[in-house]
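Novice: Below you will find the structure I want to go over with you.
The values are calculated or read from the model by the stated rules, or taken from the named source; none is laboratory data. Just so it is clear, the model here is predicted, and its values are computed rather than measured. Glycine gets a Cβ as well: all are built from the backbone with ideal geometry, and neighbour counts include every protein chain shown.
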Amino acid sequence: MVGGGQVETLNVNHYTSDISIVRQRQLFDSLVGFNPDMTAPVPALAEELTPDPEFRVWTVRLRQGVTFHNGKDLTADDVLYTIRGWADPGNDAFSQIGKFVDLPRLRKRDSHTVELPFTIPFAEPHGALASPPCMVYQDGEKDFTKPAGTGPFKLTAFTPGQSSTMVRNENYWAQGKPYVDELRILSFSDATAAFNALQGGQTDLMPAVPFLQARAIKQRSARLKLMVTKQPASTIFTMAVDRPPFDDVRVRQAMRLIVDRQALVDTVFFGFGEIGNDLPGPGLPHYDTSVPQRTRDIERAKALLKEAGKENLTVTLHTNTASPGFVESAQLLAEQAKAAGVTILVKQENPSAYHDPSQLYRKMPFFQEMNAPISSLASICMLDLTRDGPANGTHWYNPGTDAMLYEAIGSTGARAQELWNQIQRQQHAEGGYIMWGQPDFLDAMAKNVHGLSPDKFANAGNWAFKDAWLAT
């Protein structure tokens with residue numbers, strides 16, 4: 001995989017790049033997961049989640065017979081410790097679920113049953129519980145340098161920015177899995193180097209293969225095969241709404257109207273994807289399908305820029321080579337913007353600094369990102385739209401948005417849909433995200449790799465290396 005350099009981590013309370021999430025997924029488990037179409041939750045460490053009538057207290061019944069890599073049994077104490085970690089504002093799970101946990105009332109009913117109380121009604125917590133920051137770890141775990149999780153693989157070696165080695169967890173609770181004896185995840189500085197390793201046989205699998213290489217594999221590769229998965233996450237141009245010139249909503253609206261979305265999908269994705277409408281999660285429950293598709297309108301864009309006093313605007317767009325299509329889409333947008341009199345200067349940044357919150361991430365006024373994985377609209381909105389959301393690249397903060405979001409989280413039926421529609425329409429009109437396309441997940445692998453199947457949550461069957469095997 002393309003890595004994140006020294007910021008790569010095994011600490012499930014923090015993740016700064018996809019490769020960190022992938023490693024954590026092998027070492028730890030979540031309480032719940034989702035089916036491959038992301039239409040229904042499925043049990044994981046929790047066999048059952050049951051709410052009270054007001055959706056304020058959920059009873060979590062844990063799976064029996066689960067052990068950590070060091071032989072300790074999974075109990076309610078581990079889940080209590082983990083949930084208290086989620087409630088720490090310094091951890092990534094805080095904005096998704098931890099801020100709503102009513103800690104004084106959190107308790108265990110018995111050794112394998114936990115009562116999870118919330119300060120607000122929480123009608124569908126499964127999306128947050130299945131998200132990467134909410135993996136369960138052992139009571140007392142603090143530094144995560146040599147973590148003992150319950151996942152399908154056990155860690156034997158890890159060097160950030162280079163590689164990790166894991167071996168099969170022979171006591172994994174999903175009987176018979178994983179199939180392979182050893183898993184090595186290699187970190188590369190760019191996609192070309194990673195793809196060359198795959199082509200040369202040094203690796204068996206490359207998730208998120210670049211679009212051009214994916215097309216070549218599909219057309220004529222003798223050694224490699226391609227898995228294509230439709231999914232709800234977007235590739236994004238992100239504008240910070242509190243930084244000039246994007247602090248003027250007219251500029252944000254103009255930038256969105258400059259984009260020729262179909263040209264980007266055809267040219268950058270090579271057709272492996274669909275156009276976006278500046279909203280996350282197409283196909284997920286509560287997505288507002290009634291919002292009109294935004295199309296290119298150069299004359300309207302010019303008029304908005306003139307109203308804002310931003311004619312002949314020049315901006316810098318930050319990008320990096322770690323994510324497929326980023327540089328290509330940035331360059332194409334720069335060409336498209338010329339028609340509206342806008343000059344976009346494309347600046348390639350070091351991928352490690354780009355994804356590091358202490359360096360560039362969330363500090364760039366105009367940059368690119370991808371909001372994957374998405375487990376629910378609630379999960380992605382908590383990450384992207386709240387003041388303390390760790391992925392809030394637009395710096396959006398609106399107390400009215402928060403109030404609608406919190407009410408939506410606790411609502412069901414028609415009222416829930418009404419609130420989610422309001423949130424989405426507000427973002428479509430005023431937000432800072434240009435979500436121009438949903439690229440397909442593209443996973444390239446040797447033809448002797450088997451067991452992985454499409455999953456809308458993430459690449460490589462939601463990183464399900466526990467399901468994979470090698471066969472001639």
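Novice: Yes or no: Lys108 of a type in the set (Lys, Arg), within 30 Å of Glu407 (Cα to Cα) and surrounded by 18 or more Cβ atoms within 10 Å (Cβ to Cβ)?
Specialist: Numbers: of a type in the set (Lys, Arg): yes; within 30 Å of Glu407 (Cα to Cα): yes; surrounded by 18 or more Cβ atoms within 10 Å (Cβ to Cβ): no.
No.
Novice: Return the residue satisfying two criteria in turn: it lies in segment 146-188 and is of a type in the set (Ser, Thr, Tyr) and farther than 21 Å from Val449 by Cβ, and of such residues it is farthest from the chain's Cα centre (by Cα).
Specialist: Looking only at segment 146-188, we keep the residues that are of a type in the set (Ser, Thr, Tyr), and these are 150, 156, 159, 163-165, 172, 179, 187.
Checking which are farther than 21 Å from Val449 by Cβ leaves us with 150, 156, 159.
Values: Thr150: 22, Thr156: 26, Thr159: 23 Å.
Among residues in segment 146-188 that are of a type in the set (Ser, Thr, Tyr) and farther than 21 Å from Val449 by Cβ, the one farthest from the chain's Cα centre (by Cα) is Thr156.
Novice: What number goes with the only condition from (1) at pLDDT 95 or above; (2) surrounded by fewer than 23 Cβ atoms within 10 Å (Cβ to Cβ); (3) farther than 19 Å from Tyr361 by Cβ that Asn11 does not pass?
Specialist: All conditions pass for Asn11, except number (3).
Novice: I'm trying to understand the selection: among the residues of segment 113-135, which are farther than 23 Å from Asn371 by Cα and crowded, with 24+ Cβ neighbours inside 10 Å?
Specialist: Within segment 113-135, Val114, Leu116 meet the criteria.
Novice: Name the pairs: first residue in segment 185-206 and at pLDDT below 95, second residue surrounded by fewer than 20 Cβ atoms within 10 Å (Cβ to Cβ), Cβ to Cβ under 6 Å, at least 6 apart or on different chains?
Specialist: As it stands, the answer is Asp190/Thr321, since those pairs meet every condition given.
Novice: Would you point out which residue out of Ala330, Ala416, Ala337 is farther than 25 Å from Asp248 by Cα and buried (at least 16 other Cβ atoms within 10 Å of the Cβ)? Before you say what the answer is, go through the steps one by one.
Specialist: Numbers: Ala330 fails: farther than 25 Å from Asp248 by Cα; Ala337 fails: farther than 25 Å from Asp248 by Cα.
Criteria check complete, one pass: Ala416.
Novice: Condition first: buried (at least 22 other Cβ atoms within 10 Å of the Cβ) and within 18 Å of Gln213 (Cα to Cα). Now tell me which residues in segment 441-455 satisfy that.
Specialist: Phe441, Leu442, Asp443, Ala444, Met445
Novice: Which of the residues belonging to segment 176-189 are surrounded by fewer than 16 Cβ atoms within 10 Å (Cβ to Cβ) and under 13 Å from Ile19 (Cβ atoms)? Full working, then the answer.
Specialist: Looking only at segment 176-189, we keep the residues that are surrounded by fewer than 16 Cβ atoms within 10 Å (Cβ to Cβ), and these are 176, 181-182, 184.
Arg184 - this is the single residue of segment 176-189 that is surrounded by fewer than 16 Cβ atoms within 10 Å (Cβ to Cβ) and under 13 Å from Ile19 (Cβ atoms).
Novice: Now a separate question. Does Pro117 satisfy the condition of being within 20 Å of Pro133 (Cβ to Cβ), assigned to a loop (DSSP other than H, G, I, E, B) and outside the structural domain of Gly389 (by TED's automatic domain parsing)?
Specialist: Details: within 20 Å of Pro133 (Cβ to Cβ): yes; assigned to a loop (DSSP other than H, G, I, E, B): no; outside the structural domain of Gly389 (by TED's automatic domain parsing): yes.
When the stated conditions are applied, Pro117 does not pass them.
Novice: Could you please give the count of residues in segment 387-403 that are outside any loop (DSSP other than H, G, I, E, B) and surrounded by fewer than 19 Cβ atoms within 10 Å (Cβ to Cβ)? Give the derivation first.
Specialist: Step one: of segment 387-403, the residues outside any loop (DSSP other than H, G, I, E, B) are 399-403.
Adding the requirement that they be surrounded by fewer than 19 Cβ atoms within 10 Å (Cβ to Cβ) leaves 399-400, 402-403.
The total comes to 4.
Novice: A further question follows. Does Phe158 qualify as being in a loop (DSSP other than H, G, I, E, B), in contact (Cβ under 8 Å) with a residue 24 or more places away in the chain and not β-branched (Val, Ile, Thr)?
Specialist: Details: in a loop (DSSP other than H, G, I, E, B): no; in contact (Cβ under 8 Å) with a residue 24 or more places away in the chain: yes; not β-branched (Val, Ile, Thr): yes.
Here the answer is no, as Phe158 does not meet what is asked.
Novice: Right, here's the next one. Do you know which of the residues in segment 1-19 that are assigned to a loop (DSSP other than H, G, I, E, B) and more than 14 Å from the chain's Cα centre (by Cα) is nearest to Ala87 (Cα to Cα)? Don't jump to the end; show me each part of the working.
Specialist: Within segment 1-19, the first condition is being assigned to a loop (DSSP other than H, G, I, E, B), and the residues that meet it are 1, 3-4, 8-17.
From what is left, the residues that are more than 14 Å from the chain's Cα centre (by Cα) are 1, 3-4, 8-11, 13.
Values: Met1: 31, Gly3: 28, Gly4: 26, Glu8: 23, Thr9: 20, Leu10: 19, Asn11: 16, Asn13: 11 Å.
This residue is Asn13.
Novice: Follow-up. With the condition kept exactly as written, say whether any residue in segment 449-463 is within 27 Å of Ala254 (Cβ to Cβ), charged (D, E, K, R) and not assigned by TED's automatic domain parsing to the domain that holds Phe34.
Specialist: Our first condition is that a residue be within 27 Å of Ala254 (Cβ to Cβ); within segment 449-463, this holds for none.
No, every residue in segment 449-463 fails to be within 27 Å of Ala254 (Cβ to Cβ), charged (D, E, K, R) and not assigned by TED's automatic domain parsing to the domain that holds Phe34.
Novice: In segment 217-262, what count of residues is obtained for those that are surrounded by 16 or more Cβ atoms within 10 Å (Cβ to Cβ) and assigned to a helix (DSSP H, G or I)?
Specialist: Count: 12.
Novice: Pro121 versus (1) in contact (Cβ under 8 Å) with a residue 24 or more places away in the chain; (2) under 19 Å from the mean Cα position of the chain (by Cα): which is the lone unmet condition?
Specialist: Condition (2) is where Pro121 drops out.
Novice: Still on this structure, I have one more. Six or more apart or on different chains, Cβ atoms under 7 Å: show the pairs whose first residue is in segment 231-244 and of a type in the set (Ser, Thr, Tyr) and whose second is assigned to a loop (DSSP other than H, G, I, E, B).
Specialist: That search, which allows pairs on different chains as well, returns Ser234/Gly276; Ser234/Pro280; Ser234/Asn371; Thr235/Gly325; Thr238/Gly393; Thr238/Thr394; Thr238/Gly432.
Novice: Here is a further query. Which members of segment 198-210 meet the condition of being closer than 22 Å to Lys466 by Cα and either outside any loop (DSSP other than H, G, I, E, B) or not assigned by TED's automatic domain parsing to the domain that holds Lys466 (or both)?
Specialist: Narrowing segment 198-210 to residues closer than 22 Å to Lys466 by Cα: 198, 201-209.
Across segment 198-210, the qualifying residues are Leu198, Leu205, Met206, Pro207.
Novice: Within segment 313-320, can one find any residue that is assigned by TED's automatic domain parsing to the domain that holds Cys381 and at pLDDT below 95? Can you show your working first?
Specialist: Kept after step one, since they are assigned by TED's automatic domain parsing to the domain that holds Cys381, are these residues of segment 313-320: 313-320.
Filter once more, so that each one left must be at pLDDT below 95: 320.
Yes, the conditions are met somewhere in segment 313-320.
Novice: Just wondering, is there one or more residues in segment 263-276 that are within 22 Å of Phe367 (Cβ to Cβ), polar (S, T, N, Q) and part of a strand (DSSP E or B)?
Specialist: Applying the first criterion (within 22 Å of Phe367 (Cβ to Cβ)) to segment 263-276 yields 263-265, 267-269, 273, 275-276.
Still in the running and polar (S, T, N, Q): 267.
Filter once more, keeping what is part of a strand (DSSP E or B): none.
Within segment 263-276, not a single residue is within 22 Å of Phe367 (Cβ to Cβ), polar (S, T, N, Q) and part of a strand (DSSP E or B).
Novice: If I ask for residues that are free of Cβ contacts under 8 Å to residues at least 24 places away in the same chain, not in a loop (DSSP other than H, G, I, E, B) and not β-branched (Val, Ile, Thr), which ones from segment 32-45 would you list?
Specialist: Residue satisfying the conditions is Pro43 alone.
Novice: Answer with yes or no whether Val22 is of a type in the set (A, V, I, L, M, F, W, C) and either assigned by TED's automatic domain parsing to the domain that holds Tyr406 or in a strand (DSSP E or B) (or both).
Specialist: Details: of a type in the set (A, V, I, L, M, F, W, C): yes; either assigned by TED's automatic domain parsing to the domain that holds Tyr406 or in a strand (DSSP E or B) (or both): no.
Spelling it out, it is not the case that Val22 is of a type in the set (A, V, I, L, M, F, W, C) and either assigned by TED's automatic domain parsing to the domain that holds Tyr406 or in a strand (DSSP E or B) (or both).
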